[in-house]
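J.: First, the structure itself, so that you have it in front of you.
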Amino acid sequence: MTAQMRTGPAARDPEFRGIDPPALNQVVRQLQDAQNAIQGWLNAHRPPPGVSAAGYRQADQVARWAADQLGMLSRRYNYAVTHPSPGGGVDAPPPPAPSPAPAPGRPGRAPDGTPRPVGPPPRRTPPGPTPRGAGDIGDFPTRQAAVRAAKTDALTVVAAVQDGRHVPDPVWKHLKANADDPDYTEELYERLGPASAADLLKAAGGDEARVDEARVKAVRESLGMSSHHMTMDAKWLRAFLAEADRAGVRPLAVQVLTGAGMSERTRAAVAELGLREPGAAAPRTTTVA
């Protein structure tokens, strides 16, 4: 147990359950190394005909168990670094958990739903324990389960827009329920891309006479959460705004981007574009004679 756990929230509350992100990250890396070693041995030592495969099957079961644990632990890690405790000392995410090795039979490609390394912004203070991720981790037990749900919803959104239909109510229900889910939101907007994300916002906003505030809020919160793990830079934002402009919802898009809880790097990209909430006063300048 780290010194922070002994002197931090756990020292004040014996019932405290928390995660130390760097420590969990190290556990994930060690488990990944073990899973890679076992899988490598299995691939190189298949039992020859006529020889009992009992030991091979046991080792394969261990490898599968490790893969399952990686999905769960990666999800807890993502929750911990994107839901810092106000007093826990987590100001910015430490390096993300490593991507698991390629799936058997699919060289060079990691299984769907594995965490992708994304360079985090500079950390201002050492990360400390946070209760998020130690208990409830949302509607999905593993990252892979969250990714599958997000993939299905993204495909549904794209199909509905292409066919000129309303985005189905179940998608909005899922988005509202999982707007703060780092794995679900990352996969959703990775799949949608900036153009379809703008279409989703148009479906939520409609025209000014019938804006669905609850749906707009879900888009704003989920878009902000996704920025902590996916690359949402100035290029992505420009494409999103261009599509929102074509769809007639640019003011709403600007409002969403400036009001969302973005990552530090995405906030910097928003500032680079000079975006301000509609109606906000422009920065005052001073002319020196």
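J.: Please find, within the stretch 170-183, the residue that is nearest to the chain's Cα centre (by Cα) out of those that are among the charged types (D, E, K, R) and modelled with pLDDT of 95 or more. Even if it seems obvious, please write down each step before you answer.
T.: Residues of the stretch 170-183 that are among the charged types (D, E, K, R), as a first pass: 173, 176, 180-181, 183.
In the following step, the residues that additionally are modelled with pLDDT of 95 or more were identified as 173, 176.
Details: Lys173: 18, Lys176: 15 Å.
So the residue we want is Lys176.
J.: Which one is nearest to the chain's Cα centre (by Cα) among residues in the stretch 184-216 that are crowded, with 24+ Cβ neighbours inside 10 Å and of a type in the set (D, E, K, R)?
T.: Glu186
J.: Additional query: Would you mention how many residues in the stretch 222-274 are open to solvent by 40 Å² or more (accessible area, probe 1.4 Å), in a loop (DSSP other than H, G, I, E, B) and polar (S, T, N, Q)?
T.: Residues flagged as open to solvent by 40 Å² or more (accessible area, probe 1.4 Å), in a loop (DSSP other than H, G, I, E, B) and polar (S, T, N, Q) within the stretch 222-274 amount to 1.
J.: Do the conditions hold for Ala34, that is, is it more than 27 Å from Asn178 (Cα to Cα) and modelled with pLDDT of 85 or more? Don't jump to the end; show me each part of the working.
T.: Numbers: more than 27 Å from Asn178 (Cα to Cα): yes; modelled with pLDDT of 85 or more: yes.
In short, yes.
J.: Which of the numbered conditions does Val219 fail, given that it passes all the others? Conditions: (1) open to solvent by 10 Å² or more (accessible area, probe 1.4 Å); (2) at pLDDT 95 or above.
T.: (1)
J.: Is one or more of the residues making up the stretch 208-226 touching a residue at least 12 places away in the same chain (Cβ under 8 Å) and more than 25 Å from Arg276 (Cβ to Cβ)?
T.: no
J.: Exactly one of these conditions fails for Ala154: (1) surrounded by fewer than 19 Cβ atoms within 10 Å (Cβ to Cβ); (2) modelled with pLDDT of 90 or more; (3) within 15 Å of the chain's Cα centre (by Cα). Give me its number.
T.: Going through (1) surrounded by fewer than 19 Cβ atoms within 10 Å (Cβ to Cβ); (2) modelled with pLDDT of 90 or more; (3) within 15 Å of the chain's Cα centre (by Cα) one by one, Ala154 breaks only (1).
J.: Among the residues of the stretch 226-242, is there at least one that is over 26 Å from Thr142 (Cα atoms), of a type in the set (Asp, Glu) and under 18 Å from the mean Cα position of the chain (by Cα)?
T.: Yes.
J.: Are there any pairs with C-beta distances below 9 angstrom linking a residue in the stretch 182-197 that is closer than 21 Å to Pro141 by Cβ and free of Cβ contacts under 8 Å to residues at least 40 places away in the same chain to a residue that is polar (S, T, N, Q) and part of a helix (DSSP H, G or I), with the two at least 6 apart or on different chains, and if so which?
T.: Correct list of pairs: Leu188/Ser222; Leu188/Ser226.
J.: Next up: What about Ala204, is it assigned to a helix (DSSP H, G or I), at pLDDT below 95 and out of contact with any Gly (no Cβ under 9 Å at 6 or more places or on another chain)?
T.: Yes.
The values are calculated or read from the model by the stated rules, or taken from the named source; none is laboratory data. Treat the numbers as computed from the prediction; the structure is a model and nothing was measured. Here the Cβ is made from the backbone with ideal geometry for all residues, glycine too, and neighbour counts use every protein chain on show. The area values use the complete protein model at the heavy-atom level, side chains included, leaving out ligands, DNA and RNA. Shrake-Rupley method; radii C 1.70, N 1.55, O 1.52, S 1.80 Å.
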